[in-house]
Amino acid sequence: MAEPDFEARLTRLFNEPPAFPDAELFTAQIAASLDRGWALRRLLIGGAGVAAGVIAAVQLVATRFSAELQTLSRNGTRDLNADIDLAFAKFSEVVATPASMEALWLAAGLALLALGFAVTRAMEEF
């Protein structure tokens, strides 16, 4: 059986961490390195998100308009108004077809999700 005096002294030693003269400097250095790491992570994640969004948009447009873009580039001497009318007609086809409307809804949903993430991140910062 342990002595009560020894038990009290041992408990007090474990409850009170030792004081170091450079504790504040150490804490500041650790906080600064953690902040630097988070800033870099945020930058990398944001850059990856932007790159993925650009790639997705390019693929969406390329798969839908690849034949039309090839035709337009081949016939570069055609009338500009005819090209604009053709582009508007193709855009109305995109909006009118069910698969394209699903893609638009998906893009709108992802944009709302990104906005929600941005708002929660801004609220965490303040």
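The values are calculated or read from the model by the stated rules, or taken from the named source; none is laboratory data. In this text, all values refer to a predicted model and were calculated from it rather than measured experimentally. All Cβ positions, glycine included, derive from the backbone under ideal geometry; neighbour counts span all protein chains shown. Quick note on the areas: whole protein, heavy atoms, side chains included, nothing else; ligands and nucleic acids left out. Shrake-Rupley method; radii C 1.70, N 1.55, O 1.52, S 1.80 Å.
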Dividing the convex hull volume of the Cα atoms of the range 1-63 by its residue count, what figure in Å³ per residue is obtained?
111
Quote the accessible area belonging to residue 45 in square angstrom, nearest 10, computed with a 1.4 Å probe and with ligands, DNA and RNA left uncounted.
120
Report the extension gain between residue 43 and residue 61 in nm, rounded to one decimal, defined as 0.36 nm multiplied by the number of residues separating them, less their alpha carbon distance.
3.8 nm
Taking 5, 83, 22 and ranking on accessible area (1.4 Å, protein atoms only), highest first, one gets 5, 22, 83
Would you please put 12-21, 104-113 in order of how densely packed they are, using the mean number of other Cβ atoms within 10 angstrom per residue and starting with the highest?
104-113, 12-21
Positive-pole candidate from 23, 33, 60, dipole of the range 1-66, charges at beta carbon:
60
The correct ranking of 36, 9, 64 by accessible area at 1.4 Å, largest first, is 36, 9, 64
